[in-house]
Amino acid sequence: MDDKKTLSSGSLGRRQFLSRLASTTAVAGVAAAAGCSTAPASTARSPSPGTRRRGGNLKVGLTGGSGTDTVDPHRGLTYMDSARLQSLYNSLVQLNAQAQIEYVLAESITPHHGSPSEWIIRLRPGVTFHDGKALGPDDVIFTFRRVLTHHYSGSPGLGPVDLTGLRALDKRTVLVPMTRPYASFVEQLAAFWFYLYIAPVGFTPARPVGTGPFAYRSFTPGERSVFDRYPNYFKTGLPYVDTLTVIDFSDSTSLQNALTTGVIEAAGELEGPQIAALAGSGNVRTVVSKAGSIQPFTMRVDQPPFHDVRVRQALRLMVDRPQLIDSALDGHATVASDVFSPYDPDFDHALQRQQDIPQAKFLLRQAGQEHLSLTLVTSAVATGMVEMATVLAQQATRAGVKIGLKTVDSSVFFGPSYLKWTFAQDYYNYNPYLAQVGFSMLPSSPFNETHTDNAQYNRWYAEANATLDPARRQEIVHQMQHFDFTQGGYIIPAFIDGLDAYSTQITGYGPARLGQPLSNFDFEHFAFT
């Protein structure tokens, strides 16, 4: 997208990770996950199981809200929005804290007659909206049509859904035809779940009715939201608390202070030094999630000097990844090697890259770029981003490369020049591999920062979506990942940790691999002890 409204003039939201950008213009967005991995497990100072007490008023805090906050299930922008929407609504499927697909409102989603060109969604029985209306196929059809017609941020997840052929087969079943094979349909629905919450037929944001664990009471954009326990929630016994209040804080310092003084019971998306400071507190528990989030350096492969793959590879070989993690991220990350989606079951763990200054210099000499000088556009739009840019610039000097930093305000970074920068940065929560490819690696992708358009790569993506055979799909995905590793336009030095903290008075939370704060916003399981 060339600005923050690329998906459409009515589209809000760039991607879930924009937790500190609510004050900027509207954006178009994406993020999520699936699968398993041998990567390090999430770590936490978790409470002992204890007894979960029913009742109480749970208060959670985040930063990044503004007057543009919303309760529209398809137009969320920030983490503040997500905290509300995950409480009010449910999706058909989503990604759980372990980055695995979890069925929610859907009981099953299967290819019709074994073909990835047509899918059958079977809805869970006994689900009602907050106004008492039963969930039915028409609500799914209404939601899909609303998202695709308005080109909302969930549109890429629905991909080639054929709106003209959508129809209910019975009171719990929806037929979903595609205009082309879409074998990753379930994975994509899960990856986009926070933009694809199911809304009832005739939904209006003025009356935010969902199927979620909490029902709407009040909402003041940029300040707070208050929701009440929905007594007829389809998950028996949930939620535990009577009231949920989501509070917006102006900065992470005031957020931390609110937690330590008992104003709130949970604080999301903190910074490394704050976690270190809170770790010794007797009334706070910290949680460090080994997430699959990325903050890639983005190189436009269609512009010099990055049109030469030797320059791209040289830049990647300059990075001392462990040192960057220690210096820029306070150690809160896991080494990555320029390939995304570490928890995808098809992730190729054999692709590993280490710093190699002699080889970097050799490639630059071959490319005639021995005295390469670059400008890297950066902005404090995510924790550690400017720090990562600073460390990269320092490390590049060892190969004789000069990187000058152009630090801009978030409104400039995500303004008209967004996705046009020759050398810049970006960031995503964890996504399954093919979902991330759809987000950023195809000519049709809404966030193709590198301007990648490789005919073979595009064919591989189509082939992967045309087969339901897991072995064949993995073979194709590994070919695509090898392309990312040897020819791609991303420098991905690390998978970024998620950092949260909780009062010792509550339980029910845990680490989450997606990069979403506060245990994947799973407030239905939070409880007072």
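Just a few scattered comments:
- Boolean, Asn431 is of a type in the set (S, T, N, Q), part of a helix (DSSP H, G or I), farther than 23 Å from Asp320 by Cα and under 24 Å from the mean Cα position of the chain (by Cα): no
- Residues that are of a type in the set (Val, Ile, Thr) and either under 30 Å from Arg316 (Cβ atoms) or at pLDDT below 95 (or both) within region 254-304 comprise Ile275, Val288, Ile294, Thr298, Val301, listed in sequence order.
- Subset of region 137-158 (residues that are surrounded by fewer than 20 Cβ atoms within 10 Å (Cβ to Cβ) and in a loop (DSSP other than H, G, I, E, B)): His150, His151
- Lone unmet requirement of (1) at positive phi; (2) more than 18 Å from the chain's Cα centre (by Cα); (3) buried (at least 22 other Cβ atoms within 10 Å of the Cβ) for Gly61: (1)
- Number of the condition not met by Met318 [criteria: (1) under 27 Å from Tyr433 (Cα atoms); (2) within 27 Å of the chain's Cα centre (by Cα); (3) crowded, with 18+ Cβ neighbours inside 10 Å]: (2)
- Residue in region 385-393 that is among the aliphatic types (A, V, I, L, M), part of a strand (DSSP E or B), closer than 25 Å to Gly498 by Cβ and under 22 Å from the mean Cα position of the chain (by Cα) present: no
- Only one of Pro432, Pro470 that is modelled with pLDDT of 95 or more and surrounded by fewer than 15 Cβ atoms within 10 Å (Cβ to Cβ): Pro470
- The requirement of being of a type outside the set (Gly, Ala, Ser), surrounded by 16 or more Cβ atoms within 10 Å (Cβ to Cβ) and under 24 Å from Asp522 (Cβ atoms) is satisfied by Leu189.
- Scanning region 273-298 for residues that are of a type in the set (Gly, Ala, Ser) and more than 16 Å from Gln516 (Cα to Cα) yields Ala276, Ala277, Ala279, Gly280, Ser281, Gly282.
- Qualifying residue in region 405-427 (condition: modelled with pLDDT of 95 or more and part of a helix (DSSP H, G or I)): no
- Identity of the residue in region 390-417, within 19 Å of Ile492 (Cβ to Cβ) and touching a residue at least 60 places away in the same chain (Cβ under 8 Å), that ends up surrounded by the fewest Cβ atoms within 10 Å (Cβ to Cβ): Thr390
- The C-beta contact set for region 503-517 (first residue part of a helix (DSSP H, G or I), second residue among the charged types (D, E, K, R) and crowded, with 21+ Cβ neighbours inside 10 Å, distance under 9 angstrom, 6+ apart or interchain) comprises Pro517/Glu269; Pro517/Asp500.
- Verdict on Leu376 being surrounded by 17 or more Cβ atoms within 10 Å (Cβ to Cβ), in contact with a helix residue (DSSP H, G or I) (Cβ under 7 Å, 6 or more places away or on another chain) and either part of a helix (DSSP H, G or I) or at pLDDT below 95 (or both): no
- Residue check, Gly438 crowded, with 22+ Cβ neighbours inside 10 Å, farther than 27 Å from Arg310 by Cβ and not acidic (Asp, Glu): yes
The values are calculated or read from the model by the stated rules, or taken from the named source; none is laboratory data. These figures come from a predicted structure and were not determined experimentally. In this analysis, Cβ positions are derived from the backbone assuming ideal geometry, glycine residues included, and neighbour counts consider all displayed protein chains.
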